[in-house]
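Only one structure is covered here, and it is reproduced in the block below.
The values are calculated or read from the model by the stated rules, or taken from the named source; none is laboratory data. None of these values were measured; they are calculated from a predicted model. Quick reminder, even Gly has a Cβ in these numbers, built from the backbone with ideal geometry, and neighbours come from all protein chains shown.
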Amino acid sequence: MRDFRILLGDCRDRLKELPDNSIDSIVTDPPYELGFMGKSWDASGVAYDVSVWQECLRVLKPGGHLLSFGGSRTYHRMACAIEDAGFQIRDQIMWVYGSGFPKSLNIGKALDKVAGAEREVIGKIRNNQPGGTSAFAEGGVGSYQRGDTTERDIVGGPVTPEAEVWNGWGTALKPAHEPIVLARKPLDGTVANNVLKHGVGGLNIDGCRVGDEVLGGGTMPNLRDVGAMSKEATGIDKLSFGQNPRPATRLEHESHVGRFPANFIHDGSDEVLELFPDKAGAIAPVKSGQKGFGGDIYGKYQQAGDDGATFYNDGLGSAARFFYCAKASKKDRNEGLDGFADKEVHRYGAGIGEGLTPNAPANDKNHHPTVKPTDLMRYLCRLVTPPNGTVLDPFTGSGSTGKAAVLEGFSFIGVEQSGEYIAIAEARIKSVYDSRA
């Protein structure tokens, strides 16, 4: 069983204790530097500090990969710091979701407020549904937490002439994605030389394939005859499908190996699925609770609540081509924290807005405001980490990366400056570590 440990302190100091070239991969979710809820850790500039990423570069093995989340407004500064530290920017992964709440200042309403004009209250609305969004006057959208039954005022339209002119104008778009930088430490020679010498340098494509993609049987005509050709003519002895090598002649028949992983991940929400073509095979069974190949992703598995017979054209159409992972559930966030007390927490998701008070707070044992889902972090760890490798997270928070790494059979080293969050992270990781021991 692989081990884990979390170091207390500033990552700029604690990373110096790790040996050169000792880490196989880095998967992390640093502060987005937006000043979230006035928290100092989200406005320190640490994600833009080149020295942080220089230390990450030093401890990472040559050819090792770094995956780091960023905010849509501040991602560029983090990516530049990573590049300036000596990393090669290889790609950007987008995690797209439909549950973001538009945190836009209503300019018309603000102008009425400046003029001292009170808008008429024309009714009340109670948040008495199990969860979701509710419509307000003027076409605005509000958000509420599950179990929130508070009443809100429904107000009328603009009062002043200035507000009438600017009615319908705001200051921000609805957040619907978080970018993830994919970077690599420079190789030691060629890729082949690097993987032989250091054991890293590639992406685990087969380990992260999505669903079942049919190859062979005419779908790849340029490879149909490779099995009939000699090894001397092709240089190919065997082709690998999934975990098991198969003879090259396997391509003469249908082979279900899963789709090539893409730089696009989504949450399976109706809002996101509606962006894909509405045709046979386009809408895949992705309701919450679905279990499939490698976790909550696609394949020929039943939709939650149905009779198991809905396969949507083998899940091969449109949205089903991409990895699916919803935002972290309450169960996921609080797993392993039975002995912890509930604490009030505000959660916005990505894209902090202007001039608005936060959503109604929730009560959670894991009160970290930006918890990432375990299935997403498992996928990312698996993508960039070799078997029995060590994953580093210099911004551990409540331990989502560590939990994911242990579940995937990797060792984990984390750094976190908050002792309170370390206690949560250690309990979450230990709960799955013990279950796998």
TODO: Check off (1) in the same structural domain as P394 (by TED's automatic domain parsing); (2) out of contact with any Gly (no Cβ under 8 Å at 6 or more places or on another chain) for L111 and give me the number that stays unchecked.
DONE: (1)
Task: Complete set of residues in segment 77-122 that are free of Cβ contacts under 8 Å to residues at least 40 places away in the same chain and either buried (at least 19 other Cβ atoms within 10 Å of the Cβ) or of a type in the set (D, E, K, R) (or both) - done: A81, D84, A85, K113, E120
Task: Failed item in (1) more than 14 Å from the chain's Cα centre (by Cα); (2) crowded, with 24+ Cβ neighbours inside 10 Å; (3) at pLDDT 95 or above; (4) hydroxyl-bearing (S, T, Y), with T401 passing the rest - done: (1)
Open item on the list: Filter segment 24-77 down to the residues that are within 22 Å of S398 (Cα to Cα), among the small types (G, A, S) and modelled with pLDDT of 95 or more and list them by number.
Closed with: S25, S68
Open item on the list: Just to verify a result, which residue in segment 146-173, among those that are part of a loop (DSSP other than H, G, I, E, B) and surrounded by 16 or more Cβ atoms within 10 Å (Cβ to Cβ), is modelled with the lowest pLDDT?
Closed with: D148
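What helices (runs of 4 or more DSSP H) lie completely within segment 40-118 and have 3 or more residues being closer than 30 Å to E162 by Cα and either among the hydrophobic types (A, V, I, L, M, F, W, C) or under 23 Å from the mean Cα position of the chain (by Cα) (or both)?
Working: elements: 50-59, 75-84, 107-114.
The qualifying helices (runs of 4 or more DSSP H) are 107-114.
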Task: For Q92: the one exception among (1) modelled with pLDDT under 95; (2) under 30 Å from K372 (Cβ atoms); (3) in contact with a Pro (Cβ under 6 Å, 6 or more places away or on another chain) - done: (1)
Open item on the list: For segment 373-430, give me each residue that is of a type in the set (D, E), closer than 22 Å to D338 by Cβ and not in a helix (DSSP H, G or I).
Closed with: E416
